[in-house]
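Report on the structure given below.
The values are calculated or read from the model by the stated rules, or taken from the named source; none is laboratory data. Being a predicted model, the structure only gives us computed values, none of them experimental. Neighbour counts run over all protein chains shown; Cβ positions are idealised from the backbone, glycine included. Remember, those area values only see protein heavy atoms, side chains included, never the ligands or the DNA or RNA. Shrake-Rupley method; radii C 1.70, N 1.55, O 1.52, S 1.80 Å.
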Amino acid sequence: MLALASDHGGFELKNEIKKYLDEKGIEYRDFGCYTAESCDYPDMAKLACDAVVSGECEKALLFCGTGIGISMAANKVKGIRAAACSDYFSAKYTRAHNDANALCLGGRVVGPGLAVELVDVFLNTPFEGGRHQKRIDKVMALEK
Ligand code: RB5
């Protein structure tokens, strides 16, 4: 189960990704927004990120205009490692090396075709562990 959230700037791209997830039979919960009306990304980021931290959802896919604002909000939620990505390499290695649990995409930055590739590689790349684990442990210790 994935947690999805967006503001108005990421609303259309989130809808494109929902179509892709539907085709693939991947389950998700959409925490809003539900219209293209202007709204504030921290509100929806919090709902989706809380669902990841509680274990209700495995990972979050978050969308705003740039992917950056919603990633900043998401990274304030304890337990979240969110990465704003607009290239394939970053979307892959934020899983492999950073064990990211939230991917943030910019609806005004990436087109739907690239976004699908980014989501796909993000969802299908495992964390490598090993030397990266102690770095993640140090990242998470910064929350304390
Ligand atoms: C909204 O206009 C825009 O600022 C927001 O979607 C996002 O890009 C912020 O980082």
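Scanning segment 74-90 for residues that are within 12 Å of the ligand (Cβ to nearest atom) and within 18 Å of GLY32 (Cα to Cα) turns up just one, ALA74. For segment 74-91, does any single residue satisfy the condition of being at pLDDT 95 or above, out of contact with any Leu (no Cβ under 8 Å at 6 or more places or on another chain), aliphatic (A, V, I, L, M) and in a helix (DSSP H, G or I)? No; the residues of segment 74-91 include none that is at pLDDT 95 or above, out of contact with any Leu (no Cβ under 8 Å at 6 or more places or on another chain), aliphatic (A, V, I, L, M) and in a helix (DSSP H, G or I).
Does GLU128 satisfy the condition of being open to solvent by 10 Å² or more (accessible area, probe 1.4 Å), within 17 Å of GLY10 (Cα to Cα), over 11 Å from the mean Cα position of the chain (by Cα) and not small (Gly, Ala, Ser)? For GLU128, the condition - open to solvent by 10 Å² or more (accessible area, probe 1.4 Å), within 17 Å of GLY10 (Cα to Cα), over 11 Å from the mean Cα position of the chain (by Cα) and not small (Gly, Ala, Ser) - is not met.
In the set (1) of a type in the set (Lys, Arg); (2) within 15 Å of the ligand (Cβ to nearest atom); (3) assigned to a helix (DSSP H, G or I); (4) closer than 29 Å to LEU142 by Cα, the condition left unmet by LYS14 is number (4).
Within segment 124-141, none of the residues are touching a helix residue (DSSP H, G or I) at 6+ places or on another chain (Cβ under 8 Å), among the aliphatic types (A, V, I, L, M) and touching a residue at least 24 places away in the same chain (Cβ under 8 Å). Restricted to segment 47-66, and to residues there that are assigned to a helix (DSSP H, G or I) and either surrounded by fewer than 19 Cβ atoms within 10 Å (Cβ to Cβ) or acidic (Asp, Glu) (or both), the residue that is farthest from the ligand (Cβ to nearest atom) is SER54. Among the residues examined, CYS104 qualifies as of a type outside the set (Asp, Glu), in a strand (DSSP E or B), touching a helix residue (DSSP H, G or I) at 6+ places or on another chain (Cβ under 8 Å) and open to solvent by less than 30 Å² (accessible area, probe 1.4 Å). For ARG29, are the conditions met, namely being more than 16 Å from the ligand (Cβ to nearest atom), at pLDDT 95 or above and more than 15 Å from LEU123 (Cα to Cα)? Judged against the criteria, ARG29 is a match. Scanning segment 32-43 for residues that are more than 11 Å from the ligand (Cβ to nearest atom) and within 14 Å of the chain's Cα centre (by Cα) yields a single hit, GLY32.
Beta carbons closer than 7 Å, at least 6 apart along the sequence or on distinct chains, pair a first residue in segment 104-119 that is away from the ligand (no atom under 16 Å from the Cβ) with a second that is open to solvent by 40 Å² or more (accessible area, probe 1.4 Å) for PRO112/GLU16; GLU117/TYR88; LEU118/TYR88.
Annotation: SER71 fulfils all but one of (1) within 11 Å of the chain's Cα centre (by Cα); (2) more than 16 Å from the ligand (Cβ to nearest atom); the unmet one is (2).
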